[in-house]
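**Q** What follows is a single structure, and I will ask about it in a moment.
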Amino acid sequence: MNALPTWTDRTKALEPAITEVCTIVPVSAGPGALARELGKRIPEYSFRRILCRGGWYRLGGVLKASGERISDDLERWAEETLDHLGGDMDVFCEEYADQKLMATRRVGRTHYFVAQLGDQPTDYLQLEIEDLQETHSHILFGQTPAPSQIEELVDPDHTHHHSQPVGLPYYTLRRLIHVGDLLARIRDQQPEPQAIHRFVEDWGKSSAGHATAFSNHWVLALREHLDRFRQTHLHAHPVPAIDGEAPAFKAREGTRELALHDALVSFDRAAGYPFAWYFHMLTTKVVPHWVARTVVEDVLAGFAYLPRRDEDIVRRWLHKPYAL
């Protein structure tokens, strides 16, 4: 009897269709066109865009002064060329100093799409599609003093970079994950649950989780690192799906009882769901930690203004705090 496909299998099976969508939809059409085309190609999942994050870049390639491309991978080209020259950085610099080679970078934005599958907070797909534009970065070997190591050559520590584009912007698939499956894999990495697991558990038990889906308000920013045994470890950080800054929290330390209650209600309304102040206390830090302590002190003094489920979560956090 054949085993049922895992979420890894299912997401892999969807990637060719998503890649095709990225190929046929021009960036000039906007992310709304991406969502519409995803709906046509993958109608079984209702993907909707909830956040765009930009301001990042990756290293690009190497161009001759004429514009002819030498390599699509600047770092690999530099490492292989240096190795060919016996690892001598001075010889490398002398060999190429007069060629006016241009390094490029790929400036990007990430569009996050989600498709809710079930009632559980983590039962949804998160799709990341990147909007990339290759641009001129800097003249290789043009800095003074000459670079002494690869890192100084490929990504020098200065603020001025050429911004002339190299070709048109384009979409590309970055990642498609089932969030519940991802968090299960992260849990398997260590014997103790990580902060992200407590965060999601708190959401499911809270008024927020009873009022709205986790995927309506959060995306998971993912990163990987290799440990000393060369094993890959995944980390997930919740990012609020907000255009711009998080709402302001309008209370100073020492505020309590009715005034604090009003500040919490105001924050939750601005965020769009109940108990939002607690989750922003753990992530954006716009709500300071003294709020949790004061809320419980108010409860003990007979002024209770949180549902019991939320009060229990705050008490647990005070007993064993965590942050993201």
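The values are calculated or read from the model by the stated rules, or taken from the named source; none is laboratory data. Owing to the predicted nature of the structure, the values given are computational and were not obtained by experimental measurement. Methodologically, a virtual Cβ is constructed for each residue, glycine included, from the backbone with ideal geometry; neighbour enumeration extends over all protein chains shown.
**Q** Just need a number here: residues in the stretch 71-103 that are assigned to a helix (DSSP H, G or I) and farther than 12 Å from Ile150 by Cβ.
**A** Taking the stretch 71-103 as the starting set, the residues that turn out to be assigned to a helix (DSSP H, G or I) are 74-84, 89-96.
If we keep only those that are farther than 12 Å from Ile150 by Cβ as well, we get 84, 90-91, 94-96.
Residues that pass the stated criteria total 6.
**Q** Let me ask something else. List pairs: first in the stretch 297-324 and in contact (Cβ under 8 Å) with a residue 60 or more places away in the chain, second of a type in the set (Val, Ile, Thr) and part of a loop (DSSP other than H, G, I, E, B), Cβ under 8 Å, 6+ apart or cross-chain?
**A** Partner pairs satisfying both residue conditions: Leu324/Thr283.
**Q** On to the next question. I want to confirm something. Restricting to the stretch 308-324 and keeping residues that are touching a Phe, Trp or Tyr at 6+ places or on another chain (Cβ under 8 Å) and closer than 21 Å to Leu258 by Cα, which single residue is surrounded by the most Cβ atoms within 10 Å (Cβ to Cβ)?
**A** This residue is Ile313.
Let's see how each residue does on (1) part of a helix (DSSP H, G or I); (2) free of Cβ contacts under 8 Å to residues at least 24 places away in the same chain; (3) surrounded by fewer than 17 Cβ atoms within 10 Å (Cβ to Cβ):
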residue	(1), (2), (3)
Ala246	no, no, no
Ala251	no, no, no
Leu260	yes, no, no
Ala263	yes, yes, no
Phe267	yes, yes, no
Tyr278	yes, no, no
Met281	yes, yes, no
Ala292	yes, no, no
Val295	yes, no, no
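**Q** Out of (1) part of a helix (DSSP H, G or I); (2) under 22 Å from the mean Cα position of the chain (by Cα), the odd one out for Arg36 is which?
**A** (2)
**Q** Further, regarding this structure: So which pairs qualify, if the first residue must be in the stretch 134-152 and over 17 Å from Met89 (Cα atoms), the second must be of a type in the set (S, T, N, Q) and outside any strand (DSSP E or B), the Cβ gap must be under 6 Å, and the two must be at least 6 apart or on different chains?
**A** Close Cβ pairs satisfying both conditions: Thr135/Ser163; His136/Gln164.
**Q** Let me ask something else about it. Going by the structure shown, is Ala65 small (Gly, Ala, Ser), farther than 15 Å from Leu176 by Cα and under 23 Å from the mean Cα position of the chain (by Cα)? Spell out the reasoning first.
**A** Details: small (Gly, Ala, Ser): yes; farther than 15 Å from Leu176 by Cα: yes; under 23 Å from the mean Cα position of the chain (by Cα): no.
No; evaluated as a whole, the condition is false for this residue.
**Q** Related question: So, in the stretch 1-53, exactly how many residues are aliphatic (A, V, I, L, M) and within 18 Å of Gln126 (Cβ to Cβ)? Steps first, please.
**A** In the first step, residues of the stretch 1-53 are kept if they are aliphatic (A, V, I, L, M); the result is 1, 3-4, 13-14, 17-18, 21, 24-25, 27, 29, 33-35, 38, 42, 50-51.
In the following step, the residues that additionally are within 18 Å of Gln126 (Cβ to Cβ) were identified as 13-14, 17-18, 21, 34-35, 38, 42, 50-51.
Total satisfying the criteria: 11.
**Q** Same structure again: Of all residues being under 20 Å from the mean Cα position of the chain (by Cα) and in a loop (DSSP other than H, G, I, E, B) in the stretch 166-220, which is modelled with the lowest pLDDT? Just the residue, please.
**A** The residue in question is Gln194.
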